[in-house]
Each structure stands twice: as structure tokens, then as C-alpha cells.
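Nothing in this text is a laboratory measurement; each read-out follows from the coordinates by a stated rule. All figures in this text were calculated on a predicted structure; none of them were measured in a lab. Methodologically, a virtual Cβ is constructed for each residue, glycine included, from the backbone with ideal geometry; neighbour enumeration extends over all protein chains shown.
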Amino acid sequence: MTSMVTDEQARQLAKSFNGRIALNEPMKKYTSFQIGGPADMLVQPRDLQSLSVVLRWAWNEGLPLFVLGNGTNLLVADEGIRGVVVRIGPGLDSVSFDGERVRAMAGVSMPALARACAERGLAGLEWAVGIPGSLGGAMAMNAGAYSHTVGDFTREVTTMLLDGSISVKSCEEMQFAQRSSRLSHGDLIACEAVLVLEPGDPESIRCQMSEYMEDRRIKQPLHLPSAGCVFQNPSGRGAGRYIDGAGLKGLRVGGAEISRVHANFIVNVGDATARDVLILMNVARRTVYEKFGVELVPEIRVVGG
């Protein structure tokens, strides 16, 4: 597939951009699934100014743009992603504290943020220690676990429009909902957020975090690459129970398998392709609907192609 980004365009961007620029970069290096074809261009800005620069540049060049965090809850097509992928990570991952208020940039990982808060004796994000994504990605899908979501603790979010301009959104304006938020629309990028937590005992907080991690180790296939839960949980019952009830645990296509540990996980057991995963997803959706009359809704995002 022909690249939409030329070498000359990359050279022009490099003149005013602080960060890494890579052409035809394999996306499997940046996703927890370890699956995905090449991005025409992948850029990693090291500061907000460079993020603004690359957004304005892509806008002016008329190039499609996709924003990437830690690459969790994501399946990238085998054909890759056309246009520009902006990875929010190192340089955009600082955390600062003012009493119970936490100001964190979008590139910080959720486990790192949870542990930093625990060290300060701030409670509320213990559940986040097992969420492998970045804060920006977590806010985009209002990630959560153990009856909590990131939206429960967010007070405001500094966002950037695709033309590079800054906008601050209140918690209400963020429209946090079941696995979605205002960021889901695709016209805003999270830069940083202010969260408000509660004072707590650091040792008690760390113990709670350890219990959550142990629970995950028992119930989830953390030893193999995956994108986390594949489907949203239908009301009243987990998606994994329906898939298990349909007799699909252990079903394999190519290098992808419906996990034998947790049926709502598809794992990469060796050189899986996006096509392998999509086939398993379709089989699970069709079989569960035929057997139980329940429509499974994907939680992971499929991009590229």
C-alpha cells in the first residue's frame, strides 16, 4: 500500500519538531497485542509545543492523524495505518501534586500514576495499578475496574484541538460514560488532567494495590500479549462467561487464541495477525448471539487497513 507521507514532508516537519520521526514504522512494536502493520509516519513529541507543531503540520498537509498512547485496547490492521500516528509518551508523562490534587500529563502510564499517588498517601486509584494503558487513553475510554473509573476522579482536562490550539474541559464537559468520553469523538487530544483523590495510609493503599494485582494474575492471561478485554460486559453478566458458555475457550485461528484463562481475552500465542483476531471476534459474536441472543459489543478499537 502506497505511503501517504513523503520523505520530503518528513524533512520539512523535522525542521521545527522536537522528538522522534520514523517512516514506515511497524505498529506491532507499540501495541500490547504485538500486532499491526506499518504506520506511514510515527512521531513521538517530547513536549506540548512539539505536539502542537505536528498537529498543525498534519492539518495543513491534509494528512490523516491517529493518536496513540500505550497501545492497549487496540488492534492495528495488518495493512498498517495511513497518515500520521502521534505517540503520546516520554516527555509528556510528568506528575505533580498539590495536596489532594494531582496534575498528570496524558502520557503517564496508569500503573505509574497509581504508584506515585500511593507514595504520597493519596487513595482512589488503587484499581488503576493493573490498567496497562496511559492516562490519555484511559480518559478517552473512561477506563475502569473494580467499580471505579478514571472519570470518577477527574476534575478538568487540558485538551488540544487537531489544529494545535488548547482547550480546557471540565469533568461535565468531558462527558464520561460507559467506556467513552468526549475524547472518543476524535477531534480532541488529552494533554493533562487534574484529578482529586483522598488522603490515605500509604501502606494500606499499597496492600490494596497488591490484592488487585494478585486478583488479575489469577483471573487474566497476563503472561501473553493481548489487548485486554475484547468485548464490553453485557448488563448483568460478563462477556467472558457468555463466550465460555458457548464453548469457545481455547479456540485458535493462526497465532490468535481465545484465552483458556479468561474467555473475554484473545491472546497472541505466536505471530498472530489482525485477521486472525478479527476472525475469532466474529466467531465469538455470532456464536454467543445464536446461543444466548446476546449481542457482544467490541471494547477494543480496530484501526488502520
I'd like to know how the stretch 174-288 sits against the 2.2 N^0.38 Å rule of thumb: what's its Cα Rg over that expected value?
1.32
Placing unit charges on C-beta atoms (Lys and Arg positive, Asp and Glu negative, everything else neutral), compute the dipole magnitude of the chain about its Cα centre in debye, rounded to 20.
620
Express in nm, to one decimal, how much length is gained between Glu198 and His223 on full extension, taking 0.36 nm for each residue of separation and deducting their alpha carbon distance.
5.7 nm
Calculate the dipole size of the stretch 221-303 relative to its Cα centre from +1 charges on Lys and Arg beta carbons and -1 charges on Asp and Glu beta carbons; express the result in debye to the nearest 20.
140
Using the eigenvalues of the Cα gyration tensor, what equivalent ellipsoid semi-axes result for the stretch 132-230 when each is taken as the square root of five times the eigenvalue, whole Å, largest first?
28, 18, 11
Quote the convex hull volume per residue of the chain, based on C-alpha atoms, as a whole number of Å³.
126
Name the residue from Val196, Ala22, Leu48 whose Cα lies farthest towards the positive end of the charge dipole of the chain, charges +1 on Cβ of Lys and Arg and -1 on Cβ of Asp and Glu.
Ala22
What shape does the stretch 153-192 take by its C-alpha gyration tensor, where a ≥ b ≥ c are the square roots of the eigenvalues and a/c under 1.5 counts as rounded, a/b above b/c as prolate, and the rest as oblate?
oblate
When the chain is treated as a Gaussian network with springs between alpha carbons less than 10 Å apart, the largest mean-square fluctuation among Glu126, Glu25, Glu295 is found at Glu295
More than 16 Å apart: what percent of Cα pairs in the stretch 30-143 qualify?
63
Among Val150, Ser181, Ser170, whose Cα projects farthest towards the positive end of the dipole of the stretch 95-204, with charges put on the beta-carbon of Lys, Arg (+1) and Asp, Glu (-1)?
Ser181
I want to make sure I understand the PRE zone here: with the label point 7 angstrom from the Cα of Glu8 toward its beta carbon, which residues in the stretch 61-78 have backbone N atoms less than 18 Å away?
61-63
Explain nothing, just the number: dipole magnitude of the stretch 7-87 about its Cα centre with +1 on each Lys and Arg Cβ and -1 on each Asp and Glu Cβ, in debye rounded to the nearest 20.
280
When averaged across all projection directions, what area in nm² does the alpha-carbon convex hull of the stretch 9-96 cover?
5.7
Would you list the P(r) distribution for the stretch 221-303, with all Cα-Cα distances sorted into 5 Å bins from 0 and each bin expressed as a whole %?
3, 17, 30, 28, 15, 5, 1, 0
Difference of contour (0.36 nm per residue) and Cα-Cα distance, Ser147 to Lys291
49.0 nm
Can you give the convex hull volume of the alpha carbon atoms of the stretch 70-208 per residue, in Å³?
114
Before rounding to the nearest 500, sum -39500 (n - 2.57) across all DSSP H runs of length at least 4 in the chain and divide by the residue total; then give [θ] at 222 nm in deg cm²/dmol.
-8500 deg cm²/dmol
Could you work out, for the stretch 82-128, what percent of all Cα-Cα pairs fall into each 5 Å distance bin, beginning at 0 Å and stopping at the bin that holds the largest distance?
5, 21, 27, 21, 11, 5, 5, 3, 1
Percentage relative contact order, the chain, counting C-alpha pairs under 8 Å, at least six apart
17
